[in-house]
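Reviewing the structure listed below.
The values are calculated or read from the model by the stated rules, or taken from the named source; none is laboratory data. If you're wondering where the values come from, they're calculated on a predicted model, not measured in any experiment. Here Cβ is always computed from backbone atoms with ideal geometry, including for glycine, and neighbour counts include all displayed protein chains.
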Amino acid sequence: MLKVPDHQVAGHKGGHGQPGPLIDDSGRFYKPLQDDDRGAIEAAFYTSFSSNTRVPDHIRRFFPVFHGTQLIEASDGSGQRPHLVLEDVVSGRSHPSVMDVKIGSRTWYPEASEDYIQRCFEKDRKSSSLCLGFRISGLQLYGSEESELWKPERKLVQNLSADGVRVVLKNFVSSNSPIDPNLNPDCAFASSVYGGSSGILAQLLELKSWFEDQTIYHLNSCSVLMVYEKKKVLKGGSSDAEVKLIDFAHVTEGNGIIDHNFVGGLCSLIKFISEILTSPDECTTKVCLQNSDNKNEILTSSNECTTKVCL
Ligand SMILES: O=P(O)(O)O[C@@H]1[C@@H](OP(=O)(O)O)[C@H](OP(=O)(O)O)[C@H](O)[C@H](OP(=O)(O)O)[C@H]1OP(=O)(O)O
Ligand SMILES: Nc1ncnc2c1ncn2[C@@H]1O[C@H](COP(=O)(O)OP(=O)(O)O)[C@@H](O)[C@H]1O
């Protein structure tokens with residue numbers, strides 16, 4: 001039985017006349033192939049990547065397993081449509097905290113159309129992509145109460161400044177509520193989620209070492225998906241933190257050239273996460289996430305805050 005995923009944090013969602021992803025009970029994620037060349041490019045990437053013997057096994061685990069394409073009924077009832085059949089990265093987790101981070105200071109690439117380049121350029125300029133080399137595309141995080149789920153409006157998190165990004169990366173691994181203005185992110189779970197030999201930082205470093213050498217693919221506009229199980233962490237168990245790369249609709253051939261745009265963004269994300277691990281209390285900012293009606297201000301403050309960032 002296919003259903004709409006509860007834990008999608010970014011990308012195209014079903015509704016408003018467009019099909020969205022579906023999941024099944026056996027841990028598979030069905031992504032509708034987009035009509036234009038994006039669908040064909042992503043399917044070609046997964047096909048090439050799955051059989052490419054130059055990709056080391058320890059790197060394959062950072063990509064969802066690919067089970068081919070399949071014709072299934074689209075989520076919007078528009079009839080049968082081809083879908084990529086992928087491993088569902090959040091399957092088996094009851095309270096997954098999830099963050100989608102789009103890597104690269106530039107999400108466009110020279111082979112794209114002029115119109116696409118302009119749209120990407122505008123988004124990169126307005127978001128943290130241009131200055132940091134990545135942007136948070138979307139996230140959800142569970143609080144300490146099982147019923148508490150924070151899923152901020154995507155446009156708010158995408159356009160955060162460096163200070164804002166730092167606070168949200170701290171919120172992601174904190175035990176206290178991101179929407180209580182009186183609470184600073186305590187980074188209580190930083191060491192179990194970001195740290196350790198199998199934590200998110202170690203996984204990102206392993207990826208980085210491959211991307212510093214590989215010249216097969218250029219992963220334009222691709223995301224790092226960071227996932228962990230909040231329920232287990234709250235009980236003192238392992239975070240089961242996982243990093244996966246997703247969204248290959250704009251992959252181009254590397255042609256012997258290192259993907260500097262991807263490597264640069266990855267290094268920047270690594271730096272932010274390393275700093276949270278080494279100095280979790282250090283902060284100079286106060287982030288104010290304002291709702292679209294501009295009425296309800298949600299403040300997330302940190303120790304010794306001196307700057308106020310408003311959206
Ligand atoms: O439609 P939008 O404005 O939500 O833009 C989509 C992006 O959403 P965002 O900029 O993060 O809000 C979306 O970004 P995310 O995957 O959500 O990070 C994609 O960039 C998508 O383009 P494509 O399918 O990769 O070619 C973008 O879709 P297209 O506009 O290119 O169809
Ligand atoms: N294999 C997967 N398993 C679980 N969730 C996924 C998977 N791939 C994508 N997602 C979810 O869907 C969102 C959008 O995915 P993405 O491939 O970027 O779509 P789009 O091409 O529409 O931007 C991600 O932010 C994530 O929440």
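If you go through the range 2-55 and keep only what is away from ligand 1 (no atom under 16 Å from the Cβ) and at positive phi, you end up with just GLY27. Taken together, SER113, SER223 contain a single residue that is among the hydroxyl-bearing types (Ser, Thr, Tyr), closer than 19 Å to ALA10 by Cβ and within 16 Å of ligand 1 (Cβ to nearest atom), which is SER223.
If you go through the range 96-140 and pick out every residue that is at pLDDT below 95 and closer than 30 Å to LEU234 by Cβ, you end up with 0. From the list SER128, SER137, SER161, SER113, the one residue that fits, being assigned by TED's automatic domain parsing to the domain that holds TYR228 and touching a Phe, Trp or Tyr at 6+ places or on another chain (Cβ under 9 Å), is SER128. The set of residues from the range 141-163 being within 16 Å of ligand 1 (Cβ to nearest atom) and either within 24 Å of ILE270 (Cβ to Cβ) or not in a loop (DSSP other than H, G, I, E, B) (or both) comprises PRO152, ARG154, LYS155, LEU156, VAL157, GLN158, ASN159, LEU160. When VAL4, VAL98 are screened for being among the β-branched types (Val, Ile, Thr), surrounded by 15 or more Cβ atoms within 10 Å (Cβ to Cβ) and closer than 24 Å to ARG154 by Cα, only VAL98 passes. The lone criterion from (1) within 16 Å of ligand 2 (Cβ to nearest atom); (2) free of Cβ contacts under 8 Å to residues at least 60 places away in the same chain; (3) among the basic types (Lys, Arg) left unmet by LYS126 is number (1). Of all residues in the range 34-55, those that are closer than 21 Å to GLU73 by Cβ, modelled with pLDDT of 95 or more and either among the polar types (S, T, N, Q) or touching a Ser or Thr at 6+ places or on another chain (Cβ under 7 Å) (or both) total 1. In the range 225-237, the residues that are in the same structural domain as SER177 (by TED's automatic domain parsing) reach residues that are modelled with pLDDT under 90 and buried (at least 16 other Cβ atoms within 10 Å of the Cβ) with C-beta atoms within less than 9 angstrom, at least six apart or across chains, in these pairs: LYS230/GLY143.
Please find, among ARG119, ARG106, ARG28, the residue that is outside the structural domain of GLU206 (by TED's automatic domain parsing) and either under 20 Å from PHE262 (Cα atoms) or of a type outside the set (Asp, Glu) (or both). Just one listed residue meets the conditions, ARG28.
The number of residues in the range 59-81 that are in a strand (DSSP E or B) and surrounded by 16 or more Cβ atoms within 10 Å (Cβ to Cβ) comes to 4.
Filtered by the rule that a residue be within 18 Å of LEU207 (Cβ to Cβ) and either free of Cβ contacts under 8 Å to residues at least 12 places away in the same chain or in contact with a Cys (Cβ under 6 Å, 6 or more places away or on another chain) (or both), the range 34-89 gives ASP57, ARG60, ARG61.
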